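Notes to accompany the following structure.
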Amino acid sequence: MSVRGIQFLNQWLSENIPNDAWPDRVQASELADRVLVAAEKSGIPAREIDEEVRSVFASVLSAMTSRHAITSH
């Protein structure tokens, strides 16, 4: 279990999901790749994030959906 992996993911998502993001699978895939690259650059192996979430892609898509729901009201 990696607390720093999930903390990194949550922080990155809060800072990098655009406010006007539409829950788009292509963009979610690109953001999932970007978060893993950013984690590696920060010294956090992708496996530390993978241990905490079922799917980085699903986590990104969920964050995009949540952000869209909040900002569309």
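Do the conditions hold for VAL35, that is, is it surrounded by 14 or more Cβ atoms within 10 Å (Cβ to Cβ), modelled with pLDDT of 90 or more and in a loop (DSSP other than H, G, I, E, B)?
Working: surrounded by 14 or more Cβ atoms within 10 Å (Cβ to Cβ): yes; modelled with pLDDT of 90 or more: yes; in a loop (DSSP other than H, G, I, E, B): no.
For VAL35, the condition - surrounded by 14 or more Cβ atoms within 10 Å (Cβ to Cβ), modelled with pLDDT of 90 or more and in a loop (DSSP other than H, G, I, E, B) - is not met.
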Members of the range 50-59 found to be modelled with pLDDT of 95 or more and of a type in the set (A, V, I, L, M), listed by number: VAL56, ALA58
Can you tell me how many residues in the range 3-20 are among the charged types (D, E, K, R), over 11 Å from the mean Cα position of the chain (by Cα) and part of a helix (DSSP H, G or I)? 1
Quick one: which of ARG25, ARG4 is loosely packed, with under 12 Cβ neighbours inside 10 Å and either basic (Lys, Arg) or in contact (Cβ under 8 Å) with a residue 24 or more places away in the chain (or both)? ARG25
Let me confirm something: among ILE44, ILE70, which residue is at negative phi, modelled with pLDDT of 90 or more and of a type in the set (A, V, I, L, M)? ILE44
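The values are calculated or read from the model by the stated rules, or taken from the named source; none is laboratory data. Just so it is clear, the structure is predicted and the values come from calculations on it, not from any experiment. Cβ sites come from the backbone with ideal geometry, for glycine too, and all protein chains shown count toward neighbours.
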